[in-house]
Amino acid sequence: MPFKRHIEIGRVAVVNYGKEYGTLVVIVDVLDQHRVLVDSPTMVRAVHSMRRLALTDLSVKIQRIPKKTALVKALQEADIFGKFGSCSWGQKIAVQKAKKSLDDFGRYKLMVARVKKSAILKREVAKLKKTAK
């Protein structure tokens, strides 16, 4: 199976470090072997090191250094955010953001639900062990 995630103009990547963690960006220009110019509808165009980006299988057909409106239009036509949100990687990032945004009472409710779930599981496993004997 050949490698498919090449550094190219239009490749969609995820920022994996820093304050933009989890943000989907598009590579709009390759500066050198280690740095690329990235852009996203929610951020200002910036230079990122390849160490701070994780390439995805998704890509968009765009020209080199497009205007913001052309980039947004290409992302919407290709439904990049929907495709990424439906994959397990995107779902994991969404869960992390949801947990991070919980307040104290939300974390408490989550803990109580986890305790109740484990109690139900223990009861069911005990029933199955009892019937198996």
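Values for this structure:
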item	result
Top of Val36, Val95, Val28 by mean-square fluctuation, Gaussian network on the chain, Cα under 10 Å	Val95
Rounded to whole Å, sorted largest first: equivalent-ellipsoid semi-axes of segment 14-87, Cα gyration tensor	18, 15, 11
Spherically averaged projected area of segment 4-133 from its Cα convex hull (nm²)	11.9 nm²
Charge-dipole axis of the chain as Lys and Arg at +1 and Asp and Glu at -1 on Cβ define it, positive-most pick from Val36, Cys87, Val25	Cys87
Exposed-loop-free span, longest in the chain, where chymotrypsin sites (Phe, Trp or Tyr not before Pro) count as exposed if DSSP calls them loop and at most 12 other C-beta atoms lie within 10 Å	18-133
Listed residue (Pro66, Ala98, Ala78) projecting farthest to the positive dipole end of the chain, Cβ model	Ala98
Rule-of-thumb Rg ratio for segment 59-101 [Cα; 2.2 N^0.38 Å; N residues]	1.44
17 Å Cα-Cα reach of Lys99 towards lysines, excluding residues that sit fewer than 8 places from it in its own chain	Lys19, Lys109
Selected from Lys73, Lys92, Lys19 as most flexible by GNM, with the chain as the system and alpha-carbon contacts under 10 Å	Lys19
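Read the figures in this text as sums done on the coordinates, not as results from a lab. The structure presented is a predicted model; accordingly, all values stated were derived computationally and were not measured. All Cβ positions, glycine included, derive from the backbone under ideal geometry; neighbour counts span all protein chains shown.
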